[in-house]
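Written out below as structure tokens is the structure these notes cover.
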Amino acid sequence: MRLSGKIALVTGGTSGIGEGIARRFGAEGATVVLTGRRADLGDQIAKEIGAATFVPGDLTSPETRHALVAAVEAHGGLDVLVNNAAAFGDTLTDQVTDDEFDRIVGLNFRAAYLVTRDVVPYLIRKPGGRIVNISSIGVTRAWPGASVYNASKAALESLTQTWAHEYGPYGLTANALTLPIVDAPMSLAAREHVDLEAIPSRRIGTVADVADMAVFLAGDESGYLNGARIPLDGGQTA
Ligand SMILES: NC(=O)c1ccc[n+]([C@@H]2O[C@H](COP(=O)([O-])OP(=O)(O)OC[C@H]3O[C@@H](n4cnc5c(N)ncnc54)[C@H](OP(=O)(O)O)[C@@H]3O)[C@@H](O)[C@H]2O)c1
């Protein structure tokens, strides 16, 4: 029960990594607020976690963000924010439409920024606040077709460092988990092309690997780790 008594907000909690983190946080004693557009899934996951509230809606809309703040208020505060919700794109730059650009940047960068802006006053009410940003290996290891996605994650990693400076003095830490292909839905199509020989740990990372690190970053043991971009990649960038 390493997160006992903590209140955590996980964006994109209806599938994959966000769902895994939300469930694990609940198992570690946290009260969890999770978000996503798929209300049926979100309600079911919240029910299974127990001490959890699902806030349905598109994170790019102000109404959803207001509802999240209301949920945080209802729980009496916030200790942990996990910026996990994200959209992917697989389009060469000269083919990217305005809509695709806005969809990816609007969620991965703009919404993450605005959600953080809205809830950080709760995170700094007392020392121990935590921000965990879910990023991608694409920030430093690019591939064709991911220009908007990779740049949006670079923005999130940059924010990680600025937030460490802005709110570190209040006892908050902000860290990023920089993930390669993980056994989770967003990378389903790419997984069959993974060369295990190129991964020192000789396996693909799992949602459980990410949840383990998220628990550490959300908990009291990581208090002096701040502004870090952590490559959770089985040694792929070593
Ligand atoms: N899977 C990988 O291999 C991998 C690798 C590197 C980094 N990552 C990062 O890890 C995170 C999770 O990946 P994943 O594979 O678990 O993805 P996923 O299964 O596709 O989950 C994405 C989550 O974001 C939510 N979401 C998407 N658009 C939204 C919107 N407009 N408003 C609100 N919520 C929205 C989805 O919920 P709804 O559909 O219900 O809205 C879902 O809960 C992302 O930040 C991703 O960039 C993943």
Can you name every residue in the range 1-15 that is open to solvent by 20 Å² or more (accessible area, probe 1.4 Å) and within 12 Å of the ligand (Cβ to nearest atom)?
-> Ser15
Among the residues of the range 23-43, which ones are open to solvent by less than 10 Å² (accessible area, probe 1.4 Å), more than 8 Å from the ligand (Cβ to nearest atom) and of a type in the set (Gly, Ala, Ser)?
-> Ala30
If you go through the range 93-148, how many residues are open to solvent by 10 Å² or more (accessible area, probe 1.4 Å) and of a type in the set (Ser, Thr, Tyr)?
-> 6
Report whether or not Gly20 is touching a residue at least 24 places away in the same chain (Cβ under 8 Å), within 16 Å of the ligand (Cβ to nearest atom) and either β-branched (Val, Ile, Thr) or open to solvent by less than 50 Å² (accessible area, probe 1.4 Å) (or both).
-> yes
Condition test on Phe88, is it more than 21 Å from Arg23 (Cα to Cα), in contact with a Ser or Thr (Cβ under 6 Å, 6 or more places away or on another chain) and not acidic (Asp, Glu)?
-> no
From the list Gly235, Gly171, Gly227, pick out the single residue that is on the phi > 0 side of the Ramachandran plot, touching a His at 6+ places or on another chain (Cβ under 9 Å) and surrounded by fewer than 18 Cβ atoms within 10 Å (Cβ to Cβ).
-> Gly227
For Thr162, work out the one condition from (1) within 13 Å of the ligand (Cβ to nearest atom); (2) surrounded by fewer than 18 Cβ atoms within 10 Å (Cβ to Cβ); (3) under 19 Å from Ala112 (Cβ atoms) it doesn't fulfil.
-> (1)
Scanning the range 44-68 for residues that are open to solvent by 30 Å² or more (accessible area, probe 1.4 Å) and aliphatic (A, V, I, L, M), which turns out farthest from Gly12 (Cα to Cα)?
-> Ala51
Only one of (1) more than 18 Å from the chain's Cα centre (by Cα); (2) under 17 Å from Leu68 (Cβ atoms) does not apply to Arg110, and that is (1)
Could you look through the range 195-224, keep only residues that are in a loop (DSSP other than H, G, I, E, B) and surrounded by 15 or more Cβ atoms within 10 Å (Cβ to Cβ), and pick out the one that is nearest to the ligand (Cβ to nearest atom)?
-> Ile204
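The values are calculated or read from the model by the stated rules, or taken from the named source; none is laboratory data. Values in this document were obtained by computation on a predicted structure and should not be read as measured data. All Cβ positions, glycine included, derive from the backbone under ideal geometry; neighbour counts span all protein chains shown. The area values use the complete protein model at the heavy-atom level, side chains included, leaving out ligands, DNA and RNA. Shrake-Rupley method; radii C 1.70, N 1.55, O 1.52, S 1.80 Å.
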